[in-house]
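Notes follow once the structure below has been shown.
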Amino acid sequence: MLALFKSAPLVDEQEQQWLIDTFLWAVEHFDSEYFLKHTQIILPNGQFFPDRVSSVSEMAEKVFSRVVDYAGMQAWPINLVAPSGLTPQVFPHFEFQDNLRGSEASLIVPANHPVNISFNPNQINQPQDLVASFAGTLATILIHHVGVLPPGGKEYLPQASDALACYLGFGVMMSNTVYQFKGGCGCGYNPYANRQAALTEPQTLFMHALVTHFKGDNQSKKFLKPHLRSQYKKAQKQIKALVNDSANPLLLALDEQAVGQY
């Protein structure tokens, strides 16, 4: 009888397996050492984004610079250009010596031209969308450079980019910007400012909770939109049980390494 009132998991078994597999794919191919030692859970506050700006372009540049720094991609040949300056481009060839990310990352084969990216000016009044969009773009560039397809193959690249953006530490903003409420009358609502999410809210929250589990985070919940907090708590519970019961050697090894960091 009590089983009738048992709450359903945040994501179903198939979704959970893909998200776990994708998280482990990220750990394997996108610098797990940097993830464990240096990745921060980035929050939408003045601690992480303290800059004052006086123009649209300056705001885009400051936010872009912060996102690149927090992703550990300072050594990457990536350049922000105005929307009018973005033209079709060929992805350049470049190679790193050892580390992909962080202060120890260094190019041994430099790119012959940078990867140009731009921004959506409509997002200037929705900074979390701007941050999440930049994070997703950096994740896409990472995947393109490394050249290893995510679980499920090429058709899952958009979802994998969202998941990897969470792995980079941007899960709060990724979760908060999956869906934007229009409000009662739609006043002030700009659909063109919303980022295009590939994962659902529950899937994004689950990936964020996976990341925070291994990072020992206890701060990010309060920065999630109110309606997401109970879902996040459910994801945390689901992941804790999953890790405790798991026989996956990669997951267990990662959990052991994470424990050693904190």
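If you run the Gaussian network model on the chain, springs between alpha carbon atoms under 10 Å, then out of Ser133, Ser230, Ser32 the most flexible one is Ser230. About its Cα centre, the chain has a charge dipole of approximately 1040 debye under the convention of +1 per Lys or Arg Cβ and -1 per Asp or Glu Cβ, with nothing else charged.
Surface analysis of the chain yields an accessible area of 52 Å² per residue, using protein heavy atoms and a 1.4 Å probe. Only protein atoms count toward the accessible area here, which uses a 1.4 Å probe; on the range 221-262, the carbon and sulfur part of that area reaches 57 percent.
Of the cross-linked pairs Lys62/Lys233; Lys37/Lys237; Lys154/Lys221; Lys154/Lys233; Lys154/Lys240, those separated by over 28 Å at the C-alpha level are Lys62/Lys233; Lys154/Lys221; Lys154/Lys233; Lys154/Lys240. Full extension of the chain segment joining Val53 with Ser103 gains 15.3 nm, where the gain is 0.36 nm per residue of separation less the Cα-Cα distance. Taking the Cα centre of the chain as the origin and placing charges on Cβ (Lys, Arg +1; Asp, Glu -1), which of Ser246, Thr177, Met207 is farthest toward the positive end of the dipole? Farthest towards the positive pole: Thr177.
Write down the Kirkwood hydrodynamic radius of the range 4-88, to one decimal in angstroms, obtained as one divided by the mean of 1/r over all alpha carbon pairs. It is 16.6 Å.
Segment Thr87..Lys240, full-extension length gain: 50.5 nm, with 0.36 nm per residue of separation and the alpha-carbon distance subtracted. Compared with the alpha-carbon gap, the fully stretched path from Ala247 to Gln17 is longer by 81.5 nm at 0.36 nm per residue.
Here the Karplus curve 6.51 cos²θ - 1.76 cosθ + 1.60, taken at θ = phi - 60°, turns the phi angles of the range 120-136 into couplings of 9, x, 5, 8, 4, 8, 10, x, 5, 5, 5, 4, 5, 5, 4, 4, x Hz, with x standing for Gly and Pro. Note that the range 12-141 carries a Kirkwood radius of 16.3 Å, evaluated over its alpha carbons pair by pair. Scalar couplings 3J(HN,Hα) for the range 38-50, obtained by applying the Karplus form with A = 6.51, B = -1.76, C = 1.60 to θ = phi - 60°, are 10, 4, 10, 8, 7, 10, x, 9, x, 5, 8, 10, x Hz; x denotes Gly and Pro.
Taking θ as phi - 60° and the Karplus parameters 6.51, -1.76 and 1.60, the scalar couplings of the range 95-105 work out to 9, 9, 5, 9, 6, 7, 9, x, 5, 8, 6 Hz in sequence order, x denoting glycine and proline.
The values are calculated or read from the model by the stated rules, or taken from the named source; none is laboratory data. Just so it is clear, the structure is predicted and the values come from calculations on it, not from any experiment. In this analysis, Cβ positions are derived from the backbone assuming ideal geometry, glycine residues included, and neighbour counts consider all displayed protein chains. Areas reflect the complete protein model, heavy atoms only, side chains present, ligands, DNA and RNA absent. Shrake-Rupley method; radii C 1.70, N 1.55, O 1.52, S 1.80 Å.
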